[in-house]
1. Does any residue of the range B:1023-1036 turn out to be on the phi > 0 side of the Ramachandran plot, touching a residue at least 40 places away in the same chain (Cβ under 8 Å) and open to solvent by 60 Å² or more (accessible area, probe 1.4 Å)?
2. Please go through the range B:1052-1071 and give me each residue that is touching a Leu at 6+ places or on another chain (Cβ under 9 Å) and part of a helix (DSSP H, G or I), ordered by number.
3. Look through B:S483, B:S461 and report the one residue that is within 29 Å of B:C788 (Cα to Cα) and more than 16 Å from the chain's Cα centre (by Cα).
4. Go through the range A:171-183 and count every residue that is more than 8 Å from chain B (Cβ to nearest Cβ) and outside any loop (DSSP other than H, G, I, E, B).
5. What about B:G1045, is it under 30 Å from B:P948 (Cα atoms), among the small types (G, A, S) and not in a helix (DSSP H, G or I)?
6. Scanning for something surrounded by 14 or more Cβ atoms within 10 Å (Cβ to Cβ), part of a loop (DSSP other than H, G, I, E, B), small (G, A, S) and under 45 Å from the mean Cα position of the chain (by Cα), does the range B:1078-1092 turn up at least one residue?
7. Considering every residue within the range B:949-957, establish whether at least one is in contact with a Phe, Trp or Tyr (Cβ under 9 Å, 6 or more places away or on another chain) and in a helix (DSSP H, G or I).
8. If B:W1002 passes every condition in (1) open to solvent by 10 Å² or more (accessible area, probe 1.4 Å); (2) among the aromatic types (F, W, Y); (3) modelled with pLDDT of 90 or more but one, which one does it miss?
Amino acid sequence: MDYDPMVMDDAESLGPVVKISQADNTRVKFELSNTELSFANSLRRVMLAEIPTIAIDLVEIEANSSVLADEFIAHRLGLIPLNAEGIEQLLYSRDCDCDEYCEHCSVTLNLHAKCTGDDIMQVCARDLVPVGDRVNQVLGSPIINDPEGQGPLILKLRHGQEIKLQCIAKKGIAKEHSKWAPSAAIGFEYDPHNKLHHLDLWYEQDPKKEWPPSEYADWEEPPQEGEPFDYDAVPQRFYYNVETAGPIPPDAIVTEGIKVIQQKLAGLIHELTESDGGENGYNGPRSPGYNEGGDNWNDQGSFTPYGNGGNQSSWGGQGGTTPYGATPYGGGQNPWS
Amino acid sequence: MAALDDGFEALLEPFYNGKKLTDPISTTQDKFHLVPAFLKVKGLVKQHIDSYNYFVNEEIKDIVRANRVVRSDQDPNFWLEFRDIRVGMPTRTEDGEQVQSRNPVTPMECRLRDLTYAAPVEVDIAYTRDKNVIVRKNIPLCRIPVMLKSAKCYLNGATNAQMEVFNECPLDPGGYFVIGGTEKVILIQEQLSKNRIIVEADEKTGGVMASVTSSTHERKSKTYVVLKKDRIVLQHNTLSEPIPIVIVLKAFGGLSDNDIIELVCGGDARYQDDFLINFDEAGRAGVYTQQQALEYVGARVKMGGNRPKFGAAPRRNHAEEGLDALANLVIAHVTVEGLDFYPKAVYIAMMVRRVLMAAQNPKLVDDRDFVGNKRLELAGQLISLLFEDLFKKFISDVKYNIDNFFKKPNRTSTYDPHGAIMANGHYISHGLNRAIQSGNWTVKRFNMNRAGITHVLSRLSYIAALGMMTRISSQFEKTRKVSGPRALQPSQWGMLCTSDTPEGEACGLVKNLALMTHITTNVPEEPVKKMIFAADESVGPIREYTGTEMHSKGSYIIHLNGTPFAVTREPKRFAARFRTLRRRGWVSPFVSIHINEHFSAVHIATDEGRICRPYIIVKNGKSMLKAEHLKMLQLGQATFDTFLTSGVVEYLDVNEENDTLVALQEDQITNSTTHMEIEPFTILGAVAGLIPFPHHNQSPRNTYQCAMGKQAIGAIAYNQFNRIDTLLYTLVYPQRPMVITKTIQLIHYDKLPAGQNATVVVMSYSGYDIEDALVLNKASLDRGFGRCQVFRKYTAELQGYTNGRRDRVGGIMKDEDDKPIVKHAILDADGLAQVGSKVESGQTMIKKETPLDQISTGIAGDRGSDDYRDASTNYRISDPAIIDKVMISVNERENKLIKVQTRQTRRPELGDKFSSRHGQKGVVGIIVNEEDMPFSDKGLRPDIIMNPHGFPSRMTVGKLFECLTGKASVIAGEKDYGFGDAFRSHPVESMGQALIDHGFSWEGKDYFTSGITGEPMEAYIYNGPIFYQRLKHMVQDKMHSRSRGPRAILTRQPTEGRSRDGGLRLGEMERDCLIAYGASQLLLERLMISSDGTELDVCQECGLFGYKGYCNACKSTRNVTQMTMPYACKLLVQELISMNVGVKLKLEDEFPHPR
């Protein structure tokens, strides 16, 4: 419990060290050293799944005469990467005071396209227009990287077809849905010469020919001929290759990832130090209490996953009577008749 | 070539191995381009369409010509003649029977409006009126269903743009019918060939039997020549007992005993010795002359039966009876003209000879399972059988009408047959419709009654529909445990798919056509007869030869469709010359010729239903297919038919194949080679063609995939969203398989795929992957892997009733706050569901109402209630859906037709079924978060983790190949790698090199790290893209539980089945377990309390049931006690009592009170 945040900032101490070898606007390659495998992997996992970004979460469809079904389009919209710069200023919808969503916890984008020409019209991400107040001018704007400046294709329209909808983009993490993932692929490896013998190099004739060396092989000393195996060695240098999916620059993914780990640990410390914190502060899911839950919960003493009471058949009464003398849709205690 | 874009252009124009027009062409490499050329001409389901076209264009005319004239028994001067018959183009019928309608109708309209896609049939007639001949043209007769894409269909030859206008998918194969809105396929029927001699041996008695099924337009009968205890007899249905063969031959007349023995045995002493005994039989029966023989036969002809009923016809004597039977019933397909029995005598002698030969040498027995002895009946033939029957019935109805008219002594008008034709014609329409609708084929004159001929076209996936069109069903009983008909026949090579057959009871009986199979239609015999004589000077008519000459060594009898026709002494030269005539187009390419050395016979076949297949001709060790031919094909200057007439390719049927030596590849050609395969992979059918590297798989795995490919969800057709099918599954993001085969391109599976390329790693993970379960990546599902849409149709028809009342669509019911009640929440003002709204279980989609009064006449005081009863269509599935489409139309009966289509979008969940293309199915065992997935050093995370235990016992090496090939082609961007054709070599070495060049291991394994710990996997992991199909079996449609629920009325036991919210049965074996365990209370609870336990009053005095504590038999309440028993038991007791079986219950206290 003697957590000292200062240790991390002190480069001269034994804290983790990051050495960036290559960085551009889509990927960053770096080496993390002086730390343990579990921490290195935690960072990788967090960068994959727990960095908050923004993605379209709700779609209100006003008009859709395209060939694609509403939920089909909604699914596609969700996967369009949106700029997440300044995401920390946006609240999670569940933490916001508003009823459903508001400008503090969401960004609204409009899409309206109608094909009037004879050619097939492509509706792309750039046609998504952010509206209303935003925490900053870029948060929630679609990311467009292609040379034509179109962005990802959403759907195609033919003459006379129209699409009009409003998208609500919300903050979230990839654990909930992968549309919130900030990173695409994260390369991760250590010990390029297999000095630790964490794997067994299976080969047919000659491992050197058949197994191309790792690109990090030059970074570490190759094992000496006849070098004795060091049983106590632990992995120390980890090589990352982080590629962004768009919403956050690759270097920001790394810093954000570290931040998320920090926050998670801080939360843990907070929970552990504030001894009375457990009961009331808990906001996570829990099993339903007595007398809670849906209306159907208590009435029949039985419960099927789909909400209708146990004595009701979902299929109508086809010749069968229920023990209570009523088929669900043919009179009796039909709640709707 | 016409600008007919049927999707084959891409295959033909830039040769699709990435070849340009300027690239060199090697016949060895590129000869498979004949396959797309063939399919372009013949199409995938051309067999059906050809057969149907032959019927509507030719056979229907022959049938009418054969039954042309109707005469009256009453007025000998009157006749009615049908001079011509024509089938028009499909039209709409606005009210029921109106045949005249000239409104063209599209197949799509028929599907949507529940109409029948049928065309009017018109006849030209001529009849007499007062010695004048009156000719009337274009009299509507009936309507016959039209096969899609046939000559009578608007889709025939339509371009893609036209198909789009028709709302039709350009890739749809056609070949089916639309009857009442449902698509019906007439399955290909497999039968033993007709009019051919089949010799069989009876293993038990050692007898030999030659049989022939004669089939003519009038009748079908089977004649046997049986060798039993050294004596040969002839058996036939109409003969009450077997007749010694010599008597039969004598009855034909004009044959001396010497002639007979020569015809049968020739000069061979062995056969003569065997046959001689039969003369004694005739002598014993006292038959020496033709007259005696005819009387002998006539006395044994069965009376009655289905022989023509001439009530007034004079009773004939035995000799006439015998003459008639021999002329018209025995071997009916050999016609007797002017009492010339010689051809028939030769035929029967030939049968006897075959029997004698088989008795001498058991190897000469025929194989019934040999594909050359089979004939396939297609839609056209089956319809023509039916049509002929119905037309004959129609003729007799018209004749009855005519007779009735002329029976009247004083007629007021002259006779006009128009009315009779109009009145009786619709029986033909109805008969055809009903047969195709129900699949029951009833042909009275053949006593044929077959069920299950037609099936609803399965539109589960494109492959399912295609597979159905190539399916062949056999007439064998499914229950019989015989292996012969089910076994794979060597003669099946190239004709029938070796892999595509169902598992289980129909295994081997239901087959599928291979890719290049063609089924012949009938070719007229007469021109062929002329050609036989013209072909070679050594050929002479059979009549000019004596028996000895015929059967002498070196002379060969030429059989035309199984009937001896001519004799030659130069069979090889004759066959070669005849083939040359065929290759030059003087004879139809579908006439086959082969030499049978065992029987010294040359067989020429022109009949329909033979299975054949094209081959490249090889002459003098040189393939006739030259590079310039392929060049011409490439330039579009030639079609497949050009090569057919120019002697490059020819069709061989199964029998002719036996005369050939076929090389698989050009380098295997020797001097004796006669033909070369166009492409070896065409021995597989369309469905088995989807499998990459099938030649590396264990064969049952390919068969399993053939069954599963039909269940895969994917794109159905380009018009899939315009269709309203009862159940339609579509994949949200279908992908072209990474590894394809040429077959896939040929059948356009790459355009309508059913599956997705999943990145698969082969390793065990989490323990939730045992027994073939799969591990799925949650993020992949988020991104749309395996996502599918399910559409369901709900229909309602607003019927009219005889009293003029009609069903109606009622309004919405409101609650106190003037809001629609929950049940009607999604209804619009018109009483139909709103498009786009979410419908939950129990809600109404079509608020149909039926009048309570459907019978009152409305005359005088007879008026019923004006009220309506709710007959709405409700949504009954527990998971909600979205209303996708609402269609309102009018059907054939002029009733309003309402169709509502609902849509569900489903993402894969635990328990959903997936399969690769190698018969490796599995259910989802666990869905794992992406960060927990193992990943490669490049950061690649799999979509699916597959357990390696699936490989050793299944031996699906093809799957490993698919994975590696897919990986190499993805990494290298090389399209060429991405082919997994059967029986071809693959660039494995260069693929391995490509992998190494891009930093991967050559054998497809990579360094993987555990996502959970961050430690590397100890071993390298095999990974790559594999095409995975999502199968239609989904948990959502199957999950079921019940605590309480409906019960059956009769037994009061819980209902059965998920659809009735039924209980889960505790069966006999479960009961046994509980008894053995001694869990008596649990048993009591399960079998009685939770089921049908009832409280009953039983009288201890009389043992009968009481009522409310009172025994009606004893008139007392004294001894009545209550007890609990199963209701089913009570029911049994009462039923027994009702049948006068007394049942009395004697009660005893199990735990008596101590008194």
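The values are calculated or read from the model by the stated rules, or taken from the named source; none is laboratory data. It should be emphasised that the depicted structure is a prediction, and the values quoted were computed from it without experimental measurement. Cβ: placed from backbone, ideal geometry, glycine included. Neighbour counts: every protein chain shown. With ligands, DNA and RNA removed, areas are computed over all heavy atoms of the protein, side chains included. Shrake-Rupley method; radii C 1.70, N 1.55, O 1.52, S 1.80 Å.
1. Applying the first criterion (on the phi > 0 side of the Ramachandran plot) to the range B:1023-1036 yields B:1024.
Retained after the next criterion (residues that are touching a residue at least 40 places away in the same chain (Cβ under 8 Å)): B:1024.
If we keep only those that are open to solvent by 60 Å² or more (accessible area, probe 1.4 Å) too, we end up with none.
Taking every residue of the range B:1023-1036 in turn, none turns out to be on the phi > 0 side of the Ramachandran plot, touching a residue at least 40 places away in the same chain (Cβ under 8 Å) and open to solvent by 60 Å² or more (accessible area, probe 1.4 Å).
2. Keep residues of the range B:1052-1071 that are touching a Leu at 6+ places or on another chain (Cβ under 9 Å), which gives B:1052, B:1054, B:1066, B:1071.
Selection gives B:R1071 alone.
3. Values: B:S483 fails: within 29 Å of B:C788 (Cα to Cα).
Among B:S483, B:S461, only B:S461 is within 29 Å of B:C788 (Cα to Cα) and more than 16 Å from the chain's Cα centre (by Cα).
4. First, pick out the residues of the range A:171-183 that are more than 8 Å from chain B (Cβ to nearest Cβ): A:171-173, A:176, A:180, A:182-183.
Imposing the further condition that a residue be outside any loop (DSSP other than H, G, I, E, B) reduces the set to A:171-172, A:180, A:183.
Result for the range A:171-183: 4.
5. No; evaluated as a whole, the condition is false for this residue.
6. No - not one qualifying residue is present in the range B:1078-1092.
7. yes
8. Looking at each condition in turn, B:W1002 falls short on (3).
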